[in-house]
Amino acid sequence: MSGIHPFRVLRARPLWIANGVITGVLALLFTVFYVGANIDPVDHMTKLPVGLVNADKGVAVGGKQVNLGARITESIKKSTASGDKIDWKLMDEKEMKDELGEGKLYGALVVPADFTSSATALAGAATTGTPARPTLTVLTNQSAGSMGSSLARTATTQAAESASLQVGKELTSLGGTGQAKLPAAARILLADPAAVTVEDGHPLDSRSGLGMTAFYYALVLVVVGMLSANVISGQVDHALGYTHNDMGPLRLHRPLIRATRVQALAISSTLMAGLSLLMGSLVMVGAVGLMGMDAAHLPLLWLFSVCAIAVSGIGALTLLAVFGTPGMLVVTLVFIGMAVPTANATTPIQALPGFYRFLAEFEPLRQITGGIRSILYYDAQADAGLTRGWVMMAVGLAAAALFGFGMTSWYDRKGLHRIPAETKPEKTAAPA
């Protein structure tokens, strides 16, 4: 035994340097991923999809057909005031409802069927003191994400207010010099005639977390898979006798069962796949049964939950098997650090900087969130993210298997076996 006091290791410079570099880089990366992705979503916003619907039937004025709705929508579509921040999509009401119901639109601006007739009748009604204002309807879509819906609502409301001023100019030109005979209050009303109303374009149940339950449910699945991988990896190593297992003051150690790295990963992955059935069931019981989360398609939700945990867990086990001790840091960065900001939940992908949009294409949390959102909010429609979720989970599982078993097989062929130090034969000195 050494007579050196344990606290003297704090004098070791490599101990401070190694841990300082690892924890410092981890702190910096988490800051960059979390804060950097959300620091200025408005400035980074590009082509946020918003519907633009003209249901206006128009009206004949002075023997000439007038459709103010068409002029408004064409003007908004051609407008360069917002640059390429908003992707205005001209569509009919059915298309708009379908895309809101699939999470493909963050909002919409609707010009109703009686808009022109109400607007042109406003001048005459204004003289009687009982004007009926035309309306423009702004639709939100919290199911696609609260921030994205809020950004769309702001842009759409601004467009509606600008359209009202444009309509005021149209009414003035239609009315000619007769507008000067109207009372001052009526002229002010005609200058900005349209009322802007805001409605929920795809209402959700009150127990849907304002459109955030899909994200948090998906996050639970990923975190459960990731943390379970750490537990399973350690327990398999203990069962094989490669590591000790401390249970409070007790240290347990099993006899060594020699296993290749490939065999250890296969055992861990099999255990993860089997236990995912239990974990997926308990997650759904906790969310739906105990906490009362609104959910439909429960068998499909259960199956998707089980598969999401299994894929996330096996992916994490792969990184742990390949990278060893640093693997948990890699797992944390991949499944949490880079995943949460790019999940298309707290911040829409269209409002992220370019690097984060690239990450969002393959980060597992984004794919799982899309699938859960489709099941919970969009009647499990394939085009609403469910198909992408299944496909990307399959791709992720295949990539994890190829990478994990490929690397561990290479380690085994190179003789890089996991033999505990105390089991290695001691070198003996050659006889003199």
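Put simply, when 265-278, 328-341 are sorted by average Cβ atoms within 10 angstrom per residue, most first, you get 328-341, 265-278. With a 1.4 Å probe rolled over the protein heavy atoms of all chains, the accessible area of Phe7, Phe215 falls in the order Phe7, Phe215, largest first. Relative to the longest principal axis of the Cα atoms of the chain, helix 364-377 runs at roughly 50 degrees.
Ordered from highest to lowest accessible area with the whole protein assembly present and a 1.4 Å probe, Arg418, Arg11 read as Arg11, Arg418. Counting only heavy atoms of the protein chains and using a 1.4 Å probe, Val21 has close to 90 Å² of accessible surface. Between Val330 and Thr197, the contour length at 0.36 nm per residue exceeds the Cα-Cα span by 43.1 nm. Each Lys and Arg contributes +1 and each Asp and Glu -1, all at the Cβ; summed about the Cα centre of the chain, the dipole is approximately 1280 debye. Bridges between two residues of the chain, per DSSP, are antiparallel at a rate of about 40%. Within the assembled protein chains, the solvent-accessible surface assigned to Trp88 is about 20 Å², based on a 1.4 Å probe. If a/c stays under 1.5 just call it rounded; otherwise compare a/b with b/c (prolate if a/b is bigger, oblate if not). Do that for the range 238-361, with a ≥ b ≥ c from the square roots of the Cα gyration tensor eigenvalues. Cα axes put the range 238-361 in the oblate bin.
Database remark: amide H of Ala380 closer than 5 angstrom to the amide H of Ile375 (H placed geometrically; neighbours at sequence offset of 5 or more, or on other chains; Pro and chain starts carry no H).
What value does the chain have for Rg/Rh, both radii from Cα atoms and Rh as Kirkwood defines it?
Numbers: Rg = 30.6 Å, Rh = 25.9 Å.
My calculation puts Rg/Rh at 1.18.
In the full protein context, the chain carries 51 Å² of accessible surface per residue, based on a 1.4 Å probe and ignoring ligands, DNA and RNA. Cross-link check: pairs Lys47/Lys169; Lys57/Lys85; Lys64/Lys85 evaluated at a Cα-Cα cut-off of 32 Å; pairs beyond the cut-off: Lys64/Lys85.
Leaving ligands and nucleic acids out of the surface, order Val262, Val111 by accessible area at 1.4 Å, largest first. Mind showing how you got there, number by number?
Working: Val262 45, Val111 0 Å².
Final ranking, largest accessible area leading: Val262, Val111.
Accessible surface for Val395 stands near 80 Å², nearest 10, in the context of the full protein assembly shown (1.4 Å probe).
Close amide H contacts of Leu136 (hydrogens built in the peptide plane, cut-off under 5 Å, sequence separation of 5 or more or a different chain): Ala195, Val196, Thr197.
The values are calculated or read from the model by the stated rules, or taken from the named source; none is laboratory data. Just so it is clear, the structure is predicted and the values come from calculations on it, not from any experiment. Reconstructed Cβ throughout: ideal geometry from the backbone, glycine too, with neighbour counts over all protein chains shown. These accessible areas exclude ligands, DNA and RNA; they are computed on the full protein's heavy atoms, side chains included. Shrake-Rupley method; radii C 1.70, N 1.55, O 1.52, S 1.80 Å.
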